[in-house]
Amino acid sequence: MSARAVIDSLDFARGGTELRGEVQVAELERLADSLYDRSGNLRYALVGQTDGRQRLRLRLQVAGTINLKCQRCLGSLPFPVALESGLLLLDGKAGTAEVDIEDLDAVAADPEMDVWSLVEDEVLLAQPIAPRHADGECKDVLETGQDRAASPFAVLAGLKQKQLN
Ligand SMILES: [Zn+2]
């Protein structure tokens, strides 16, 4: 098991530092709920940058494959992760006027920023809300019943039905 990567985010960005590494999917606790299994690893590259307005940023790339759980058949659904995020570092001193709408990808500066946690945050954002195999690719499933069970709207419809009865 490798040690967690921790950076001083402002220093890291200011110095244009680069960090590359791998994290085992099994280490990412918050991701576990949506996974079929916790095999594999994710490669990441983190680069510190100063943008055109002299603001400090982190550019994060993550690549690899995670095995999501198909919400229809509960089978393994390999999901290729290939994301790139430009994160504006908010150091608490900059006024809110500094933050534009395209800077929604912002993260609080942290002298002890956990890089694995940052990777996990971005993967959580990138994964589909309701992962499913393509039609016809699920295994051993009664399509209609599972589909109804999986839909929150179907659950709501069911509740309404109960109230009416
Ligand atoms: Zn499936």
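The values are calculated or read from the model by the stated rules, or taken from the named source; none is laboratory data. Bear in mind the structure is a predicted one, so any value in this text is a computation, not a measurement. Positions of Cβ are generated from backbone atoms using ideal geometry, with glycine treated the same way; all protein chains shown enter the neighbour counts. Areas reflect the complete protein model, heavy atoms only, side chains present, ligands, DNA and RNA absent. Shrake-Rupley method; radii C 1.70, N 1.55, O 1.52, S 1.80 Å.
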Exercise for review: State whether the residues of region 13-22 include one that is modelled with pLDDT of 95 or more, in a strand (DSSP E or B) and of a type in the set (Asp, Glu).
Suggested key: yes
Review point. Which number in (1) among the charged types (D, E, K, R); (2) farther than 24 Å from Pro78 by Cα; (3) open to solvent by 90 Å² or more (accessible area, probe 1.4 Å) marks the one condition that Asp8 misses?
Key: (3)
Check your understanding: Going through region 38-56 one residue at a time, which ones are surrounded by fewer than 21 Cβ atoms within 10 Å (Cβ to Cβ) and touching a Ser or Thr at 6+ places or on another chain (Cβ under 7 Å)?
Key -> Gly40
Revision key, fill the gap. The one condition Gln54 fails out of (1) in a loop (DSSP other than H, G, I, E, B); (2) modelled with pLDDT of 95 or more; (3) not aromatic (Phe, Trp, Tyr) is (2)
Check your understanding: In region 59-85, what count of residues is obtained for those that are open to solvent by less than 20 Å² (accessible area, probe 1.4 Å) and within 15 Å of the chain's Cα centre (by Cα)?
Key -> 7
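Counting only residues that are more than 15 Å from the ligand (Cβ to nearest atom) and either touching a Pro at 6+ places or on another chain (Cβ under 9 Å) or not in a strand (DSSP E or B) (or both), which one in region 57-79 is farthest from His133 (Cα to Cα)? Show your work before the answer.
Within region 57-79, the first condition is being more than 15 Å from the ligand (Cβ to nearest atom), and the residues that meet it are 57-66.
Those left that are additionally either touching a Pro at 6+ places or on another chain (Cβ under 9 Å) or not in a strand (DSSP E or B) (or both): 63-66.
Working: Ala63: 21, Gly64: 19, Thr65: 15, Ile66: 14 Å.
Top of the filtered list is Ala63.
Evaluate the following for Glu18: is it closer than 30 Å to Ala134 by Cα, away from the ligand (no atom under 16 Å from the Cβ) and not aliphatic (A, V, I, L, M)?
Details: closer than 30 Å to Ala134 by Cα: no; away from the ligand (no atom under 16 Å from the Cβ): yes; not aliphatic (A, V, I, L, M): yes.
No: the conditions fail for Glu18.
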Check your understanding: Are there any pairs with C-beta distances below 7 angstrom linking a residue in region 12-29 that is in contact (Cβ under 8 Å) with a residue 12 or more places away in the chain to a residue that is surrounded by 15 or more Cβ atoms within 10 Å (Cβ to Cβ) and part of a loop (DSSP other than H, G, I, E, B), with the two at least 6 apart or on different chains, and if so which?
Key -> Leu19/Ala5; Gly21/Ala5; Val25/Arg38; Val25/Gly40; Ala26/Arg38
